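Okay, so here's the structure we're looking at.
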Amino acid sequence: LQGPLEAWIDFIIDEVPALRGEGWQVEIAETFPVRLAEMQGDVTVEVVEQSGMDWFDLHLGVMVDGERVDLIPALLDLIAAGHGLPTQRDDDEAAPLLLRLPDGRLLPVPYARIQPILAPLLELFARDPAGAGSPRLSRADAADLARMEAESAGAGISWTGGEAVRQLGRQLRDAGGIPNATVPARFTAQLRPYQARGVDWLQFLRVAGLGGVLADDMGLGKTVQALAHLVIEQAEGRLDRPALVVCPTSLVANWRNEAARFAPSLRVLTLHGPDRAARFPDIGAHDLVLTTYPLLARDHAALAGQEWHVVTLDEAQVIKNPAAATSKLARTLKARQRLCLSGTPLENHLGELWSLFDFLMPGFLGDARSFQRRFRTPIEKGGDLERQTMLARRVAPFLLRRTKAEVAADLPPKTEIAETIEMGEAQRAVYESIRLAMHTKVRQAIAERGLARSGIIILDALLKLRQACCDPRLLKLATAKAARARSAKLERLMEMLPQMLEEGRRVLLFSQFTSMLALIEAELAERRLDYVILTGATRDRVQPVKRFQSGAIPLFLISLKAGGLGLNLTAADTVIHYDPWWNPAVEDQATDRAHRIGQDKAVFAHRLITVGTIEEKMETLKARKQALVAGILGAESGKALKMSEDDVEALLAPV
């Protein structure tokens, strides 16, 4: 109301009671445009559950002239009209809040009576302020409901109904209220305490029919927690339809290997490669199906047509652009539960967080436009700390993030992680062409000269295969150039590094090939990521070490030969071996540049290994044939190659 009516309202509220108190008789005609109602008794919040606990309605009741009236519609009208929270008049602490009733009367409500629940009401209803009546709320809103109840304690507001959803809300707000899950013996990994709590959280969300973002730092075991969650579902008979994992192409092999190692009871189907369509009919016969983001479009009919138990997006920041085709396709997948795994759920702006939640629980943060108005613009452009707190509080129950520093007590001094990486088709073709050519050349050399005199050719063959694994450009061959094959390992590295640096990691990156470090430098320059480098060509070794140790630069590229010994780099907490080789002692010496006396942080050592290649065979050899490994190492140092023809065949034969 504006103009003279506003003055009349003030007169009726403030002056009429005073006049009557002085003995004046004041009558207000029925036709007067301002009519007031009077509230009696306490305010009551009633929660009415619908369809089990899937939905609930909220009513804010007061007695007016002997009848109970719901104030929610009137409050929503105020929120909609002002696009925000109704506030108390600054000039009068006793001024009531005026709410218009359905019959047109104005109800003065003492502001202090409902002030404790106004902010939570805004969070619950401002996503659709234009909605009429009492909007229906979902289980995802239970935490805000619990906050409203807690903040109304002592304000004379009573609560009734909805005991189950109110209990759920209290558990969502208080992580300590989440029950412990029982991980069956068929899951073979020993979970660290924080990982066990992560599995508890995933299970709790599943019971509540909710999704979430597991946002632990890289290396803290998001994959193993997700697998433990699925094994519990299987053991308790709920995995009656398959679960789907969508991940970057480079991580397919890692998921497959981790499942085989820690969750052997899960029947795993990998939908990757040119013949995958032939495996579509087998989807329903498996417990876990693995696919990639690029294949969401190509295989959409098969994936969207399947009812999934759980859909998990690994490296979920891939869908940070809600308008991208991949994001839209991911939202079409049907599942009882949706999960996101991402160490960087928010990289550039709040819209990325909205996109993840639009996949997890559509509507939870409103539509993109209302989210922009309510949160992005006030927070990003206006620095609105109140809105920032409001958003953080809303998403907190559904976003679990632990940093290395927070779980340091649960970590061993050194954690070794083998990152298995699947080659793309073009790189695989280059690798296989090199393998076949070198296999033929080695056989011919052995036939002509004998094994003892073919050592140089055999080592050259192994070198070229290693280069093909690192990046086909290292080969400098026409076949590799013609194929324009991209390096799956380099792509995975460029996924890892920005995330690690965003987490505040300080990284040592080792390679035996200075030419590979040069290719990595080009990628870093394109992404404007700062680094220092040390190779045999580095004249001033002191300066790069000083800049890294001081904290000025978080990434140190080091050639294994130049920096594998003699450096003290305790500022590092992460080591990456880009191209692991035969000798584990050499890798350990390099890792010990960080993991040494004076180090006060847990160290993570990542080893990048391409699947189905000489690198994978090297891992097997290191575990089983130490004598053969020693023979190859000796040959690299100029001694005679100590291998049998069967050993050569095993190394160069197809996997």
Open item on the list: Between a residue in region 452-479 that is touching a residue at least 12 places away in the same chain (Cβ under 8 Å) and any residue that is surrounded by fewer than 22 Cβ atoms within 10 Å (Cβ to Cβ) and basic (Lys, Arg), which pairs come within a Cβ distance under 7 Å, given they are 6 or more apart or on different chains?
Closed with: 457/441; 461/441; 465/435; 475/464
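Kindly establish whether residue 369 is among the charged types (D, E, K, R) and touching a residue at least 40 places away in the same chain (Cβ under 8 Å). Break it down into steps so the answer makes sense when it comes.
On the way: among the charged types (D, E, K, R): yes; touching a residue at least 40 places away in the same chain (Cβ under 8 Å): no.
No, not satisfied.
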- [ ] Please go through region 524-549 and pick out each residue that is at pLDDT 90 or above and in a loop (DSSP other than H, G, I, E, B).
- [x] 527, 528, 529, 530, 531
- [ ] For residues that are under 33 Å from the mean Cα position of the chain (by Cα), open to solvent by less than 50 Å² (accessible area, probe 1.4 Å) and closer than 19 Å to residue 461 by Cα, tally how many sit in region 420-430.
- [x] 1
Open item on the list: Let me spell it out: the conditions are (1) outside any helix (DSSP H, G or I); (2) under 24 Å from the mean Cα position of the chain (by Cα); (3) touching a residue at least 40 places away in the same chain (Cβ under 8 Å), and residue 318 meets all of them except one. Which number is the exception?
Closed with: (1)
TODO: Among the residues of region 559-576, write down those that are farther than 14 Å from residue 588 by Cα and either modelled with pLDDT of 85 or more or of a type in the set (Ser, Thr, Tyr) (or both).
DONE: 559, 570, 572, 573
Open item on the list: List the residue pairs whose Cβ atoms are under 9 Å apart, where the first residue sits in region 336-362 and is under 22 Å from residue 204 (Cα atoms), the second is polar (S, T, N, Q) and open to solvent by 10 Å² or more (accessible area, probe 1.4 Å), and the two are 6 or more positions apart or on different chains.
Closed with: 340/317; 341/223; 342/317; 343/317; 345/317; 356/317; 361/138
TODO: Hand me the list of strands (runs of 3 or more DSSP E) wholly inside region 218-300 holding 1 or more residues that are in contact (Cβ under 8 Å) with a residue 40 or more places away in the chain and open to solvent by less than 10 Å² (accessible area, probe 1.4 Å).
DONE: 243-247, 288-292
Task: Condition broken by residue 374, with the remaining ones in (1) open to solvent by 80 Å² or more (accessible area, probe 1.4 Å); (2) in contact (Cβ under 8 Å) with a residue 60 or more places away in the chain satisfied - done: (1)
- [ ] Could you please find all residues in region 137-192 being in contact (Cβ under 8 Å) with a residue 40 or more places away in the chain, of a type outside the set (Gly, Ala, Ser) and assigned to a loop (DSSP other than H, G, I, E, B)?
- [x] 182, 183, 184, 186, 187, 188, 192
Open item on the list: Being over 22 Å from residue 466 (Cβ atoms) and open to solvent by 50 Å² or more (accessible area, probe 1.4 Å) is the requirement here; does residue 526 meet it?
Closed with: yes
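In region 177-199, what residues are more than 18 Å from residue 264 (Cβ to Cβ) and within 22 Å of the chain's Cα centre (by Cα)?
Within region 177-199, the subset more than 18 Å from residue 264 (Cβ to Cβ) is 177-182, 192-198.
Once the filter is applied, which keeps residues that are more than 18 Å from residue 264 (Cβ to Cβ) and within 22 Å of the chain's Cα centre (by Cα), region 177-199 yields 178, 181, 192, 193, 194, 195, 196, 197, 198.
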Task: residue 170 out of contact with any Pro (no Cβ under 7 Å at 6 or more places or on another chain), open to solvent by 10 Å² or more (accessible area, probe 1.4 Å), basic (Lys, Arg) and at pLDDT below 85 - done: yes
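Can you say whether residue 102 is at pLDDT 75 or above, closer than 14 Å to residue 72 by Cα and surrounded by fewer than 21 Cβ atoms within 10 Å (Cβ to Cβ), as far as the supplied structure shows?
Numbers: at pLDDT 75 or above: yes; closer than 14 Å to residue 72 by Cα: yes; surrounded by fewer than 21 Cβ atoms within 10 Å (Cβ to Cβ): yes.
When the stated conditions are applied, residue 102 passes them.
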- [ ] Taking residue 492 as the residue in question, decide whether it is in contact (Cβ under 8 Å) with a residue 60 or more places away in the chain, buried (at least 21 other Cβ atoms within 10 Å of the Cβ) and among the basic types (Lys, Arg).
- [x] yes
- [ ] Please verify whether region 460-472 includes one or more residues that are over 24 Å from residue 419 (Cα atoms) and assigned to a loop (DSSP other than H, G, I, E, B).
- [x] no
Open item on the list: Looking at (1) within 30 Å of residue 137 (Cβ to Cβ); (2) at pLDDT below 70; (3) out of contact with any Pro (no Cβ under 8 Å at 6 or more places or on another chain); (4) open to solvent by 20 Å² or more (accessible area, probe 1.4 Å), which one does residue 33 not meet, given that it meets all the others?
Closed with: (1)
Open item on the list: Taking the conditions exactly as written (under 33 Å from the mean Cα position of the chain (by Cα) and not charged (D, E, K, R)), does residue 536 satisfy them or not?
Closed with: no
TODO: For region 333-346, name all the residues that are open to solvent by 60 Å² or more (accessible area, probe 1.4 Å) and touching a helix residue (DSSP H, G or I) at 6+ places or on another chain (Cβ under 6 Å).
DONE: 346
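Would a scan of region 599-612 turn up a residue that is assigned to a loop (DSSP other than H, G, I, E, B), surrounded by fewer than 22 Cβ atoms within 10 Å (Cβ to Cβ) and at pLDDT 85 or above?
Start the filter on region 599-612 by keeping residues that are assigned to a loop (DSSP other than H, G, I, E, B), which leaves 599-602, 611-612.
So of that shortlist, the ones also surrounded by fewer than 22 Cβ atoms within 10 Å (Cβ to Cβ) come out as 599-602, 611-612.
Then keep just the ones that are at pLDDT 85 or above; that gives 611-612.
The answer is yes; a qualifying residue exists.
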Open item on the list: So residue 454 ticks every box in (1) farther than 21 Å from residue 651 by Cα; (2) open to solvent by less than 10 Å² (accessible area, probe 1.4 Å); (3) polar (S, T, N, Q) but one. Which box is left unticked?
Closed with: (1)
- [ ] Determine the pairs where a residue that is closer than 30 Å to residue 484 by Cα, located within region 405-426, has a partner that is of a type in the set (Gly, Ala, Ser) and open to solvent by 30 Å² or more (accessible area, probe 1.4 Å) with Cβ atoms under 6 Å apart, the partner being 6 or more residues away or on another chain.
- [x] 426/483
Open item on the list: When you scan region 360-373, do you find a residue that is touching a Phe, Trp or Tyr at 6+ places or on another chain (Cβ under 6 Å) and more than 24 Å from residue 119 (Cα to Cα), even just one?
Closed with: no
Task: Boolean, residue 521 is closer than 27 Å to residue 250 by Cβ, open to solvent by 10 Å² or more (accessible area, probe 1.4 Å), of a type in the set (Asp, Glu) and at pLDDT 90 or above - done: yes
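State whether one or more residues within region 485-492 are modelled with pLDDT under 90 and not hydrophobic (A, V, I, L, M, F, W, C). Explain how you work it out, then say what you get.
Within region 485-492, the first condition is being modelled with pLDDT under 90, and the residues that meet it are 485-486.
This time we only want the ones that are not hydrophobic (A, V, I, L, M, F, W, C), so: 486.
So far as region 485-492 goes, yes, one or more of its residues are modelled with pLDDT under 90 and not hydrophobic (A, V, I, L, M, F, W, C).
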Task: Failed condition for residue 324, given (1) open to solvent by 60 Å² or more (accessible area, probe 1.4 Å); (2) of a type in the set (Gly, Ala, Ser); (3) closer than 19 Å to residue 249 by Cα - done: (1)
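The values are calculated or read from the model by the stated rules, or taken from the named source; none is laboratory data. Since the structure is predicted, the reported quantities are computational estimates derived from the model, not experimental observations. Every residue, glycine among them, receives a Cβ derived from its backbone with ideal geometry; neighbour counts consider all protein chains shown. Surface areas here come from the heavy atoms of the whole protein model, side chains and all, with no ligands, DNA or RNA. Shrake-Rupley method; radii C 1.70, N 1.55, O 1.52, S 1.80 Å.
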